[in-house]
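Right, one structure below, let's go through it.
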Amino acid sequence: MSGKHKAEYEFYPAESKHEGDCHRYSGVDHNGLSDKGLESVSLNQNPYQKEKFTATFVFDTPADKRAQRMEAVLGLLDINGGVKAEPNSHGNASGFSVAVENVAQKDLMKLVVALTHDAPKDARGDSSHYAVLGTEVAGQIIAGELKRLDLSPVEAGLVSINTVGMSQESVFLKGLAKPSVYVDVTFDGYPTSPVAAIRENGQMTELKGAVAYEVQSEVELRSGQAPRVLQAMKDAGLPAKRTEDGQYVIVSAPVDSVTGALKNAGLVAPAIHDAVKSAADAAHPGQQQINADIAAEGMERLRKMAERTQVAKPPAMQ
């Protein structure tokens with residue numbers, strides 16, 4: 001999607017008790033919101049049920065492409081957004097609109113996100129409904145709505161945080177005193193993040209003569225975002241390497257260290273990191289220090305090995 005587009009927010013208060021407020025995002029300088037003809041996105045309040053809104057997407061599309069574009073928008077909202085929308089063709093004009101009725105205010109963000117990702121038309125996935133909105137403009141709309149509604153991305157349901165516990169059988173087999181709990185974070189509803197997901201996993205190691213678990217994070221990248229993510233990890237002093245397929249970065253640190261690095265680099269909102277840190281502190285308190293102690297002990301072993309190797313070297317020939 002072209003970078004020439006920018007979303008501008010406008011508010012139209014109700015002028016009578018038979019009307020509702022209207023919140024609208026439209027393109028600056030008549031450029032629209034996307035190369036695919038999206039002109040505006042609006043929320044229109046139901047005057048009689050004020051917590052209910054209608055989300056409307058208005059397109060300016062050539063007549064010969066209208067049917068195809070309309071099908072794509074309806075498909076994206078259905079498959080990606082999980083909603084049924086009502087299309088409205090503008091007569092003989094080139095444009096059309098699509099409306100989703102009876103939504104809450106915060107639902108607009110998820111509907112906007114639904115338009116940013118391709119979706120398969122059928123179970124085989126042979127063909128797709130292609131995205132009609134770029135993530136940059138979607139991010140502007142999302143940022144505007146989060147500010148307007150005073151919500152964090154987590155509170156808005158754009159980011160999900162889940163904890164996954166180790167089974168008791170695994171605890172017994174691995175000889176651990178208590179089960180390990182991992183934190184997984186997915187960013188499916190937050191397209192401005194450079195990562196799609198962060199999933200913790202662990203590996204057994206030894207720390208001070210006892211079995212310990214070192215927690216690592218598997219970072220699923222969004223397209224083209226590897227350099228930014230790797231630089232953020234480097235700046236935070238976190239060991240990280242990209243997988244051979246290029247889709248992931250493995251970071252030798254728990255998830256809250258990763259989101260902290262992304263936050264410091266300006267790549268995720270501070271509210272996301274705060275929520276992740278709270279979940280991580282509850283799931284595995286002190287894990288950052290455990291990881292640091294494991295790394296320090298490993299470095300000390302390497303230092304001693306190097307010293308022994310140096311001592312064992314034969315004297316140089318004269």
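The values are calculated or read from the model by the stated rules, or taken from the named source; none is laboratory data. Here the structure is a predicted model, which means the values were calculated and not measured. Don't worry about glycine lacking a Cβ; one is built from the backbone with ideal geometry, like all the others, and counts go over all protein chains shown.
When you go through GLY144, GLY139 one by one, which is the residue that is within 21 Å of HIS273 (Cα to Cα), outside the structural domain of ALA265 (by TED's automatic domain parsing), touching a Phe, Trp or Tyr at 6+ places or on another chain (Cβ under 7 Å) and modelled with pLDDT of 80 or more?
None of the others qualify; the one that does is GLY144.
How many of the residues in region 230-246 are more than 20 Å from TYR182 (Cβ to Cβ) and in contact (Cβ under 8 Å) with a residue 12 or more places away in the chain?
Final tally of qualifying residues: 7.
Could you pull out the residue among ALA240, ALA271, ALA280, ALA275 that is within 20 Å of THR186 (Cα to Cα), in contact with a Leu (Cβ under 9 Å, 6 or more places away or on another chain), modelled with pLDDT under 95 and of a type in the set (A, V, I, L, M, F, W, C)?
After applying the criteria, what remains is ALA271.
Of everything in region 228-264, what is part of a helix (DSSP H, G or I), out of contact with any helix residue (DSSP H, G or I) (no Cβ under 9 Å at 6 or more places or on another chain) and hydrophobic (A, V, I, L, M, F, W, C)? Give them in sequence order.
Across region 228-264, the qualifying residue is only LEU230.
Do we have VAL98 as modelled with pLDDT of 95 or more, closer than 26 Å to GLY144 by Cα, of a type in the set (A, V, I, L, M, F, W, C) and part of a strand (DSSP E or B) here?
For VAL98, the condition - modelled with pLDDT of 95 or more, closer than 26 Å to GLY144 by Cα, of a type in the set (A, V, I, L, M, F, W, C) and part of a strand (DSSP E or B) - is met.
Which of the residues spanning region 1-60 are touching a His at 6+ places or on another chain (Cβ under 9 Å), polar (S, T, N, Q) and crowded, with 17+ Cβ neighbours inside 10 Å?
Answer for region 1-60, where residues must be touching a His at 6+ places or on another chain (Cβ under 9 Å), polar (S, T, N, Q) and crowded, with 17+ Cβ neighbours inside 10 Å: SER34, SER42, ASN44, GLN45.
I need a count of the residues in region 6-30 that are touching a Gly at 6+ places or on another chain (Cβ under 6 Å) and in a loop (DSSP other than H, G, I, E, B).
Number of matching residues: 1.
Conditions tested, residue by residue: (1) small (Gly, Ala, Ser); (2) modelled with pLDDT under 95; (3) within 25 Å of the chain's Cα centre (by Cα).
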| position | (1), (2), (3) |
| --- | --- |
| LYS6 | no, yes, yes |
| ARG24 | no, no, yes |
| LEU33 | no, no, yes |
| ASN44 | no, no, no |
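Tell me yes or no: at least one residue of region 51-74 is among the polar types (S, T, N, Q), outside any strand (DSSP E or B) and touching a residue at least 60 places away in the same chain (Cβ under 8 Å). Please lay out each step first, then the result.
Pass one, region 51-74, residues among the polar types (S, T, N, Q): 54, 56, 61, 68.
Applying the additional criterion that residues be outside any strand (DSSP E or B) yields 61, 68.
Among the residues that remain, those that are also touching a residue at least 60 places away in the same chain (Cβ under 8 Å) are: none.
Checked region 51-74: no residue is among the polar types (S, T, N, Q), outside any strand (DSSP E or B) and touching a residue at least 60 places away in the same chain (Cβ under 8 Å).
For region 118-155, which positions are in a loop (DSSP other than H, G, I, E, B), out of contact with any His (no Cβ under 9 Å at 6 or more places or on another chain) and surrounded by fewer than 19 Cβ atoms within 10 Å (Cβ to Cβ)?
Passing the criteria: ASP122, ALA123, ARG124, GLY125, ASP126, SER127, TYR130, ASP150, LEU151, SER152, GLU155.
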